[in-house]
Amino acid sequence: MSHPYSSFDCTSADFEKAALNRFRSLVTFLPQDCKVFREPWDCSTVLCLDFVNCPDYLNSVKKQAHLLVSAAQELGLANAIIFRIGSKFMGWRGNSY
């Protein structure tokens with residue numbers, strides 16, 4: 001008998017992609033053009049939201065930062081969110097703001 005998940009490719013990159021897709025499904029107000037990725041900062045990992053392709057959405061999304069942080073923590077992605085427009089740092093929110 002084969003394992004029910006045997007066709008699923010279980011690499012860390014696949015898990016990362018699945019977790020980021022799940023994050024997007026939880027925070028439906030995040031524009032599709034917003035780039036979402038994780039990045040190491042010192043001894044921790046932060047979730048980066050890059051609004052380079054949709055800068056007009058940055059301020060409205062930042063107002064809901066507590067929901068972003070909650071979703072990221074629920075999925076074990078990060079305890080802090082970094083907001084960017086390209087390489088320009090536009091703000092951050094953590095679990096203790």
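Here are a few things to note about the model shown:
- Added length on full extension, which subtracts the Cα-Cα distance from 0.36 nm per residue, residue 74 to residue 28: 15.0 nm
- Acute angle (nearest 10 degrees) that the helix 65-74 long axis makes with the longest principal axis of the chain, alpha-carbon atoms: 20
- Residue 16-residue 66 pseudo-label distance in nm [points 7 Å out on the Cα-to-Cβ vector]: 3.2
- Relative contact order (%) - the chain, alpha-carbon pairs under 8 angstrom, separation at least six: 23
- With every protein chain in place, the chain: carbon and sulfur % of accessible area (1.4 Å): 52
- Between residue 39 and residue 57, the simple spin-label model (points 7 angstrom out along Cα→Cβ) gives 1.8 nm.
- The range 34-94, accessible area per residue, ligands and nucleic acids excluded (1.4 Å, Å²): 56
- The charge dipole of the range 34-94, taken about its Cα centre with unit charges on the Cβ of Lys, Arg, Asp and Glu (plus for the first two, minus for the last two), comes to roughly 140 debye.
The values are calculated or read from the model by the stated rules, or taken from the named source; none is laboratory data. Just so it is clear, the structure is predicted and the values come from calculations on it, not from any experiment. We place every Cβ from the backbone using ideal geometry, glycine too, and count neighbours over all the protein chains shown. Note: accessible area is taken over every heavy atom of the protein model, side chains too, but ligands, DNA and RNA are not part of it. Shrake-Rupley method; radii C 1.70, N 1.55, O 1.52, S 1.80 Å.
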